[in-house]
Structures are given as C-alpha cells and as structure tokens.
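So the structure is just underneath, and the comments pick up after that.
The values are calculated or read from the model by the stated rules, or taken from the named source; none is laboratory data. Just so it is clear, the structure is predicted and the values come from calculations on it, not from any experiment. Backbone-built Cβ (ideal geometry, glycine too); neighbour counts: all protein chains shown. The accessibility values were calculated without ligands, DNA or RNA, using every heavy atom of the protein model including side chains. Shrake-Rupley method; radii C 1.70, N 1.55, O 1.52, S 1.80 Å.
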Amino acid sequence: MPSMQNDAAYLRLLDITKRFGAFTALDKLSFGADRGEFISILGPSGCGKTTLLRLIAGLETQSEGRVEIQGRDVSKLPVSARNVGIVFQSYALFPNLNARDNIAYGLVGRGLDKNRIRQRVDELLDLVGLRGMGRQFPAQLSGGQQQRVALARAMALSPDLLLLDEPLSALDAKVRVMLRGEIRQLQQRLGVTTIMVTHDQEEALTMADRILVINQGRLVQNGTPREIYDRPATPFVAAFIGAMNFIENAVKVENGCYRIGSHHLSISGENGSRNLASGAVATLAIRPEDVMIRVDELEMPNILASRVEQMEYRGANFRLRLNIGPNQRPLEAEVPAEKVRRLNISPSMPLAIQLPHDRLRVYASAKHRCNDGSLCENTL
Amino acid sequence: MITAFKPSKIAVAVLLALALAVVPSVGMAGDLLVYTALEDDEIPRYLALLKQSHPEINVKIVRDSTGIVTAKLLAEKDNPQADVVWGTAATSLMLCTQAGMVEPYAPKGLERVRPKMRDKAAVPAWVGIKAWMTGFCVNTVEAKALNLPVPTGFADLTNSLYKGHLTMSNPSSSGTGFLTVSAILQLMGEEKGWDYLDRLHENMAVYTHSGSKPCKLAGAGEYPIGISFAYRGFMQKQKGEPVLTVFPKEGSGWDVEANCLIKKAAVKPEARAFLDWAISEPVMKEYAKVYPVTAYATNVPIPEGFPADPEAQLIKNDFDWAAKNRARILAEWSRRYDAKSEPKSK
Amino acid sequence: MPIVASTDAVLPPLPLWRALDHETWLRRLLILLLCLWMLVVMVLPIFELLSMSFQDASGRFVGLANFILYFSTPALSNSLTNSLFVAAATTATSVGLGFGFAYALTRTCLPAKGIFKGLAMMPLFAPTLLNGIALVYLFGRKGLITKGFFGAIPGIDIHLYGTVGIIIAEVLYTFPQAMLILSIALSLTDARLYEAAASLGAGRMRIFFTVTLPNIKYGLLSAVFVCFILSFTDFGAPKVVGGNTHILATDIYKQVIGQQNFVMGAVVSVVLLIPTAAAFLVDRIVQRRQTATIAARSVPLVPVPSRLRDGIFFGYCSLIAVAIVGFYLVALYASLVKVWPYDLTLGGWHYHFTGTGGGGYRAFFNSLRMSAWSAVCGTALTFASAYLIEKSTGMRLLRQAAYLLSMLPLALPGLVIGLAYIFFFNAPGWSVGGVSVPNPFNWVYGTMVILVMSNIVHFYTVGFLTATTALKQLDREFESVSAAMGVPFYRTFARVTVPICLPAILEIGMYYFVNAMATVSAVIFLYSADIPLASVAVANMDDAGDIAPACAMSMLIVAANLAVRIFYSLVTRGLRQRSQAWTAAA
C-alpha cells in the first residue's frame, strides 16, 4: 500500500476559472480531494459542474487556475497524460465492439501480450459482475449492463482518478438505486478517488463522502452529505437539496430569539446570524419533517397555532399544508401517516405545531444579499 | 473482431482492387501527339498507311471539330501539348501562326504543293493537304414528303418554301460555317452578301455548333436540308441515309486542310517525319479518293458525285482577306443572327 | 485491492511522446492542410476566374468594361433572361410534380413504393445529355411522338428545339432531386399534430395549409433552390435540344470552345455564378433558422388506406414512372436502330464507335477509371475532412472556415469550375509583387489528376453533408473516451468511426462514381488529348450530329452507373445484416 501522508492533496483545484467568450462558466473555484474519497459535484443544470469535470479530466482547458494530481501540476497536460478513467452519461461504448473489446480498448497497443490483456479483461468483467457477457455487443446489453461495461473500461487502466458524468441518469429508477450501491461498493473496494457529477441530490447524498454544491459557476457549499442536508449554507442549498420551509420577516430580538408576528421563537445553533443586529429582519427555515405536531405540552417554547389548509397523501407520510397567519406563506409539514390517523387530522382543523429550536436555520433576509445576487449569511 | 468485419473488408478489398486497376496509363516517350480536325471516319484509313511506312512512329490522335482544335491549341499557347497539327483549317492555323506557336517547316515534297494551298513563306508555317468545300445535304425522302424541290444554288435557299427546313453551322465555332459565310461575302460582295444572309436567316431553322451536324440532321430527317460540306454527304449516303449532295451552282466556298509543326523547346524528329509523310504520294492518293482537290494532282479518278471539274467548282478564295477579316465577320454575324433566340421553326 | 495492485505492476507507463499533446497539433495541422487544399483547388481558381473577367485579352485590368460589353450585346445578355426563365419554369414544374410523388410515397398507401421510388430516381444515373437525346427521339421532327409512332397514330409536334425542350429535359433531371428532398421533409412529421388538428375539427384543406405545408416549408425551400441551381447551370440538355435558344451555360461553352474568347467566357461564368451563389446563400440562411420542429418523441404518421386517394395517386405515380422509363427505353431502342427513322433494323452498330469522334471504348474505360479514382479519393478526402471538422475540439475559427469552404462547391456550376481550372492550372506562373512565381501545380493540367480533382470539388458538398450527418449520430464522447485511455484519435477513427459509418462512406463513394460518370460540364474543358471521356464523347458526337452513337455511349454510362448502384445495394445489405448485432435491442 502506498503511504497516506500526502492524501490531503491527492487532487487539488486552485482558483479555477473557465470562460467561454464573455460567459464565465466557473468562477475562482477551489477544492481538494483525499485519496480514495468519493466526491459528488451537485448542482442544477447549467451550473458548470460538467465543465468542472471535463476540466479535471483535461478535456477542457481552464482560463485561469491550476489542477494538481498527487502534487503534480497537470494543468497543461492533455487527457491522455492525466491517467483518468471517465464514464460518460451516454457511456460512449463503441457499438461495433463487443463488451470485451470495449474494455480492452485502452489496453491494446501498450505492449501487453494478448494473454495478459485477456486476463485483465476477465478480472474486470468479474469485478462488474458481467462474467460470460463479454461477447455481447453494447446494444445487446441492458442499460445497467452497459453502464457496468463503461465502468470496467474506465477502470481498465487503473486510473488515478475515476470521473463519472451523470453515470446513472439514463437508467430507470429501480436500476439506478441498485447501481448506486454497487458503484459505491466497487469504489470503496478499489479505493479509487472518484469525482461524480450529478444533478440528483439523492444520488449525491447516498453515494458521496463529500458533496460540492455548485451554482452559477461558484462553489456554494463543500461538506459531507449530513452537513449539506442539516446545515445548508445558503437558502439556495437548502431549497436545492430536500424540501425547506422559509419563514420571512422574522425580526431578531436578541441572540437566539426571533419574533414572527406576535410569536417568539428561540433558536440554537445560530452560527453566522449571531452578527445580526437586534431588530434586523431575517428569514427562518425548517425542513417539513422537522415540523412537530403538538397536542399536549402546549406551553413549551416555539409553539405556533396553525390551520390545516390541504392534505396530500404520500403513502407512508402525509404532507400537510399549514396556514400560520395572514402574512406568512403556509408551512409544509411531513407527518407519518400513522400519526395523522391517530390524531384524526382533517382539513380546516386547527393544529398546534412546534418548530424545534435545534432544527431552525436563520438566513439574512433578501435585503442582505451577496453581490452575486444569491442569499448568503456569511457576509453578515 | 475479424469475423465481425468481413463485409467491410470485402468492400475495402474491392475498392483497392478497383484503385489498382485504374492506375492511369502513362504515355510513352516516343509518342507523337497529333491534333486534327479530319473527320472521324477518314482518319483510320490514313493511319493504316502510316503504320505500313512508318511503324516506328506511334501517334496519338486528338480529333475534334475545327473550332475546338483551334481553341485547344490557343488555350495551350503557353504550354503546348500537341506536337503537330494535321488536317485543320488553314484559317485556324493562321491564327496559331499569329499567336507565335508555329515552327515553320518545309516538308519533303513541298515543291509539288499548289502555291495557293500553302503558306507563301519559303519555309512555310502551314502546308495544305486537300480542300474541303461547301455542299448542301438534301434528304430526298423528306424533301419529297414536304414537296421541296432540290435546291441548285445559294439563290434558291432564300425561297420561302424552305422556311424552317434549313440548317447551317455557326461560323464562330465551325470551320465549315465560316468558309460558307466567307464565300458568300466574297461571291456577292459584302453589302449584298449580308443582305443575302439576312434573307437566309429568315429560312434557317437552327445554327449548329459543328459543321458536319447540318448534314447529319438532314440524314436523320430532322431538318431536310443542311448547308455542310461535300464529304459528309457522300459518307452518309454510303451508310444508307437518303442524302443527296448538291454543289451550289454559284460555286462552293472552300478552305484548305493543312498541317503545321508546333513550336516546342524540343521538337521531336518524329514530328517532322510525320509531316513529310502527311503530304507523301500514297496518303495523298487516299485523300483523293474522297476529296477531289488535293495539294497536288494525283491520278486518282474524281470521286463519284463530284462535278467533272472540281477545281472549277471552287470560288476564288482570298485566305488572307478571310483570316484578316475573320474577327470582324464573326462579330457582325453574331450581332445580326445570334440575338434571335427563338427557333425559327415556331 | 488486488486488481489495482496487479495492474499497476503490469501496465507500462505511457511513453513520453504520447504524454505531449501532439495529437492536438496533428489535428491542427490536418485541418490547416485541409484549408490549404480547399484554397488551391477552389478559392484560387475561382479568384483567377473572377480576376480574368475584369481584364482584357492581354491581361490588363479594364474594370467593368467586359460586363458593360456583355450587357450591351443583346445576343449575350438575352441568355441571362432565357436561363432565368428556364430555371424558374423547371423549378415550378419539378417541385410541383415532385411534391405529388413524394406525397404519394409518404402519405398514402400506394402499393410498391420501393419500385416507384427506384424508377423515379432513374434520371440520377444518366448524363443530362441523354435527356436531351431521348427528347430528340421522342419529340424531334422525326420523333416517335411527333410522327405518331412511325405513322401509326396522328403525331403531335411540340416544337421541341428551344425553351420547351430545355424545360422538359431539365424537369426530368431535377424531378428526382425535388422528389427525394420532399420525401424526407414529408416523412419527418408528427402524427399527433394531425390528430390534434382533426380533433379540433379542421377540414382536409385546412389541415394541408396549416399543418402539412408549414411542416415541410424548409424542405420545400430546399427543393426549390436545388432545382433552380441545377437547371440554371446545366449544360448537357440545352446543348442538345436548345436549338437557337441560348442560355448562359451554352454561351460559356460557345465563347470558350467556339470562339476562343476566354475573357467573355469568364464574364459569362461570373454572370452565371451570381444568381447561383445568391440562391445558395439564401438557402443557407433560411436553413439555419430551421430548428428541430420534430420532437424527439414524435409519433410517425402512418397513412390510413383510402381507396379513392390511393387510386388517384397510383395513377399519378404510374404516369410519371412510365414517362421516365419510357424516356430511357426509347433512347435504348434508338441506340440499337440502324438508321432512324428510315431503317429500323435492330443491331449493335452504334456501339462500335468506329468512324465517330469522342474516343469510343477508350473514352468509356477512361471514364470508369476517372470515376473510380474520384470515388476512392473523393470519399477518403470528404469523410476525413468531415471527421476533422465535426469531431475536433478547439480551433473553432479554422474549423468554421473549413466548414464554410466545404459548403461552397454547392454554389459552383461545373462549367465555372472547369473554366477556372483552365485559367489557374494552365497558368505558367504569376507575378506577385514584381517577383515571378512559377506555377507549382502546372503539372496536373491535362492529366487524370485534374479531372479527378475537378470531380471531387464539383460533388464535394453533398458527400460532405452525408458524412457530417453520419458523424453527428455518433456519440460525441467517443473521442474523449479514447483520449482518456491514451488511444490516438486516428486509431479510434479507423477502428470505430469508419466501421460504424461504412454505409454512409459507401453512399458517398457511389455518389461520386455516378456523378463523375455522368458529368460533362467541368470535364469538357479539362479532358486532354490522351484521356477522352465517355460523357464528353456524348457531347462531341452529338455536336457532330452522330446522335445514335451518342445515345449508345449514354446507355453505356447508364449501365455502368446502374451496375455500381446494384453493387452498392448488395454491399449495404450485407453490412446491414452484420451490423444488426450492434443495433438490435437485447
């Protein structure tokens, strides 16, 4: 096993900027990846995430900044010299070559003897669970099988980096869920450092060690799936990953205490918003599954009165839309079906809800926007 | 892999085989490139004679109508391809001489050539082999069907009876067309000549590009009467077409088919040998079998169908005048007759 | 991690030279070479032609004097009006007839569609001279129809020679093109639009004008422009049946070949070039505005049987098919008749080509050779260029320039290419800023090379578009994937791109071959002494009045082209069977 001392700098991007004419696709973006880490780049379409992947691969050249792999500056190297394996969204399997020939494609012409190549292809077919399917042409394989051939082909040359560009988006939902797990397992078994681009938050949350959220060419948040979900850095991240309720026009009373209309809400884990002056207007946020229905202990803090406006049945859960006052957008609450039945909740019914102080987030309100127009709290 | 690609390999192999089979044949160094406007059906007879007497000369013949041969020669002025020109209108060769692309040469036997059938210079730029003359080709079957009397001379052709039944070649592109127009202008004088041509134009169905086409159109019955040249009519009759050749009673326009040597950095000796042969007695006799007027008299009897004294049939032709005025005549002709675009048959 | 460990030990590192980005440079170089090639075989000759039109015979610059002379000489300028009229009439007729035929093929339950389509495409395999010759045998003064089948029935004289003849011949020539373009346009439609229109209560006429026509408007425009350009610049048919109606194409020939007036030839070429280039430009601009009107998941329209409609269209298509086949059968018959119309004995006399000009079988075999070379070299060049332009990244400016140059030949009539080639390749040299530069390309003049080159340029664009379309269907990431595996692009090109595109490649090859066999316009200025050509022989024999041998030679050309077409079908059928494994769903 190679030593682990330089792992923190296995892959490093420094101040990467990419412009296409007047359009800036990536803006001073920096991050690093440890050896063996699985990083997911997540963002809406057009945010620049695929450009970022192609840049790491060497398929595009950055306008500014540098890319380092294992401490070596590869910024000017073409893709062929970077030793990366790539799986594209379309897989880009050669339709006229069978699975074996596809996998062996990069091995041929490197002075390896035929037996060695055959052996290596067998290993790879085993690895992706396609033993015995080598003679099939891509069109004769299912989508999931094609995906695995593409993965085997990308791994054939034991790349330093595995780059996956929306690898699962062309598959149907069930196969997608199954392959998520398989890819993650494979990646952990081989220990290959992997960067995956996706627009699917669930994919990112379930597979990655770390998620980079990108919006409009900027890195918005870099963190573990839990951090991203539980402590989204901006309202954008909050809304992009999972569902989030925003409560506007909250006025800061003091640290840890905000007022909405006549209600006072106490908040812990306030981080950045501590800098907010008393009397400033802020936006509070809470995920629907964190909204608690209360029938007793109504004297506890952070209790609001509401009325059920609409009920949406979702199988295991109900999504309730709750009216919390004339000047507020309704709150969405995710309530287990069992609880709804037990409490006999029905439309128009008044309901007391609690917003747990440790699940509430505070963002600066719209007038405290960052320069780029996105809401952010760090400038406070 | 290999089995998966059999059809493409076959296709590639076929393409390769094709490619190899089509490697262009490279001309041999000893080849003599001869440009000629002689008729396609007479050349083989002459070349058979050449093969007998000069087996060492390997000729490559480029045959085209007078206008095209002339155009080719002039187009290649800076980088001449042909070695010699054989049997092409003297008026055209004069243009080449003016362009400075002719190497004067006195072939063996020059002294026998009639003075009016060669360039006047002591070492002539061009030397004639035979004269070809205007003749009307008349389709007797069609003429009968249309109740057209057989015309006897130029004067008859302007009769409105013939309206839409006449063709002749465009003098700009055809040597035959030019000699006919030039003959009319010389016979009648310019003023009357143009007046005559105006009236002839009224009857004309179409002006063709090549000089032999009017005769062939007559032979095919497309247009019963074509102003062409004598040889054509006789040949077509032999093929079985109902064509009668008429020599206009006013006399025929004519031109000399002549040879010349093309100026090149290295003139091949075969070129001079060829020019010597081209006026030698055996081939002259062969010319005489179908053309009654040759560069010098042979004892070959006059071909059937020609007047008894073919030389008397030829008008007095001033080549110098024709060559000098060629451009002017053609411009005037174009101005008068080219502009009418609709066919007269309508 | 046993696998990673094992291969780490086994895989040798990439050689240093491969780590350098030499591939990008190689591609850059190849694209540059491509642009240079286009410059030499197209831009410079055309430039030479253009500058010739502004000079007098001795090479002095005279400004617009030649053009003023041209337009003040009615004999010359009338031709422009004639050409425009002929082209307009042809376009209207061809597009109209072609639309009906294409409609029958795509929107009705016409039986034997394949046969009808095949018959309608016949004219694509024949030289346009043959269209004229067949017309002479049908409608000439001794024609089959004019004389009522040798007197069997009353004849009809349509006064063939002139505008009427040219238009009929050009319609025959352009009909298959219009039909093919419109078939494609009509087949790309979404049935749901028709269902929607019908469910909203729109009548048949209303649906036609609100759904059908708007849907095919780009195809319709394309058909109009293609027919216009083809009939405006064609030389073969007017040469045979033009009579005294002069058009621009025959004028160029007459000026150059008949009167050795190269300057006026250049002037007429420019006059011919302007409307052609304008039509081309408008078409490009319009087509660029076309966005995908067909959604990816559109439902193909399956015509419903309708007795009356299908019957009417069956009659219509039969009429056209019989007319087309009749044309060529009459020509075949005429080529076998001893002396039309006096001695109708059948035999092979006219196939001997003795005593006629043109070069006989030598010319025919030269044409085969030239066409094979054009097909092999043209296809290789066309496909490779399309690949470089389509599948390279970066070098946008260079690639755009190359793309633009690749579209240009569509606007260049063959005669213009031929004449430009005489001027450019036969020039002994140029004086550039007082220094005389000898012409390095002079050696190609009068050789097979210049003939093949002119064909490649003349027919380049269609092949290029075919190749580009085929390449666009390949995954854009094939090149990236190969590069990531360190495989050089030329290996992927040979091992993946070419095999997948083989049907398109063969199609391009066939297109080159068939057109090189039939074309007369460019090569008539370029064929040389020892390389007579079949199509030129047809022109020259017709010129000399030897119509029957000219017809016979045309028949040989058609036969060769049909043979190649059949060979192509057999090969593609084999290919399709093989490639089924690649495309069949699991």
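Below are the figures for this structure:
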read-out	value
Longest DSSP-loop-exposure-free segment, trypsin sites (Lys or Arg not before Pro), chain C, at most 14 other Cβ within 10 Å	C:61-296
Region C:259-278 versus region C:153-205: alpha-carbon centroid distance in Å	32 Å
Residue of B:Lys108, B:Lys239, B:Lys324 that the Gaussian network model of chain B assigns the largest fluctuation, springs spanning Cα pairs under 10 Å	B:Lys239
Accessible area buried at the B-C interface, both sides summed, 1.4 Å probe (Å², nearest 100)	5300 Å²
Chains C and A, summed buried accessible surface - 1.4 Å probe, Å², nearest 100	3600 Å²
Calculated Rg and Dmax of region C:324-367 using C-alpha coordinates, Å	12.2, 34
Kirkwood Rh, Cα atoms: Rg over Rh of region C:400-511	1.11
Stokes-Einstein D in µm²/s, Kirkwood radius over Cα pairs - chain C at 4 °C with 1.567 mPa s viscosity	49 µm²/s
Amide H partners (placed H, <5 Å) of A:Leu26, local residues excluded	A:Lys18
Taking all pairs of distinct alpha-carbon atoms in region C:63-349, Kirkwood radius in angstrom	21.2 Å
DSSP-defined antiparallel bridges as percent of all bridges, region A:7-235, nearest 5	50 percent
Debye-sum result for region A:226-314 in log10 I(q)/I(0), which assumes one identical scatterer on each alpha carbon, at q = 0.20 Å⁻¹	-1.15
Cut-off of 10 Å, at most 15 other beta carbons, DSSP loop: longest stretch of chain A lacking such GluC sites (Glu not before Pro)	A:1-296
Cut-off under 5 Å, modelled amide H: who pairs with A:Ala280 long-range	A:Lys252
Fraction of the pair-distance distribution of region A:7-235 above 27 Å, Cα-Cα pairs, percent	33 percent
Directionally averaged projected area (convex hull, Cα atoms, the protein assembly as shown), nm²	64.2 nm²
Spin-label pair B:Lys239/A:Lys114, simplified geometry with 7 Å Cα→Cβ offset, distance in nm	6.6 nm
Number of partner chain Cβ atoms within 10 Å, mean per residue of A:130-139	2
Antiparallel bridges, percent of DSSP beta bridges restricted to the protein assembly as shown (to nearest 5)	70 percent
Label-point separation in nm, A:Ser262 to A:Asp358, each point 7 Å along Cα→Cβ	3.1 nm
Residue-by-residue Karplus 3J(HN,Hα) for region A:178-195, coefficients 6.51, -1.76, 1.60, Hz, glycine and proline x	5, 5, 3, x, 5, 4, 4, 4, 4, 4, 6, 5, 7, x, 7, 5, 10, 10
Value of Rg/Rh across region A:50-140 [Cα atoms, Kirkwood radius]	1.05
For A:Ile86, distant residues with modelled amide H under 5 Å away	A:Leu163
Carbon plus sulfur fraction of accessible area for chain C, probe 1.4 Å, in percent	70 percent
Percent of beta bridges antiparallel (DSSP, chain B, rounded to nearest 5)	60 percent
Alpha carbon centroid spacing (whole Å) that separates region A:36-107 from region A:164-188	18 Å
Among B:Ala131, B:Ala265, B:Ala121, residue whose mean-square fluctuation peaks in a GNM of chain B (springs only between Cα atoms under 10 Å)	B:Ala265
Relative intensity, log₁₀ I(q)/I(0), of region B:95-163 from a Debye sum that treats every alpha carbon as a point, q = 0.19, 0.21 Å⁻¹	-0.76, -0.87
Förster radius 45 Å - calculated FRET efficiency between B:Glu202 and A:Thr61, Cβ distance, rounded to 0.05	0.05
Cα-based Rg / Dmax (Å) for region C:74-148	16.7, 52
0 to 90° range, to nearest 10: angle between helix B:319-333 axis and chain B longest Cα axis	80 degrees
Per-residue HN-Hα couplings for region B:255-260 [Karplus 6.51, -1.76, 1.60; θ = phi - 60°; Hz; x = Gly/Pro]	9, 9, 8, 10, 10, 8
Cβ-derived FRET efficiency at R0 25 Å, C:Ala384 paired with C:Ile274, nearest 0.05	0.20
In region B:134-200, trypsin sites (Lys or Arg not before Pro) in a DSSP loop with at most 10 other beta-carbon atoms within 10 Å	none
Minimum 30 Å² accessible area buried by the other protein chains, region B:239-287 residues, probe 1.4 Å, relative to alone	B:Lys239
Spatial extent of region A:244-364: Rg and Dmax, with the Cα atoms as the point set, Å	14.4, 44
Shielding by other protein chains, A:150-159, mean Cβ within 10 Å	3
Hz values of 3J(HN,Hα) by residue in region C:305-312 - Karplus curve (6.51, -1.76, 1.60), Gly and Pro given as x	x, 8, 4, 5, 4, 4, x, 4
Shielded residues, region C:530-574 - accessible-area loss of 30 Å² or more between chain alone and all protein chains, probe 1.4 Å	C:Asp530, C:Asp543, C:Ala544, C:Gly545, C:Asp546, C:Phe567
Rough spin-label spacing in nm, given labels placed 7 Å along Cα→Cβ, for C:Ala559 and A:Thr206	7.0 nm
Rg over Rh [alpha-carbon atoms, Kirkwood Rh] for chain B	1.06
Average accessible area per residue (Å²) across the protein assembly as shown - probe 1.4 Å, nucleic acids and ligands excluded	41 Å²
Inter-chain shielding of C:246-253 (mean C-beta neighbours from other protein chains, 10 Å cut-off)	1
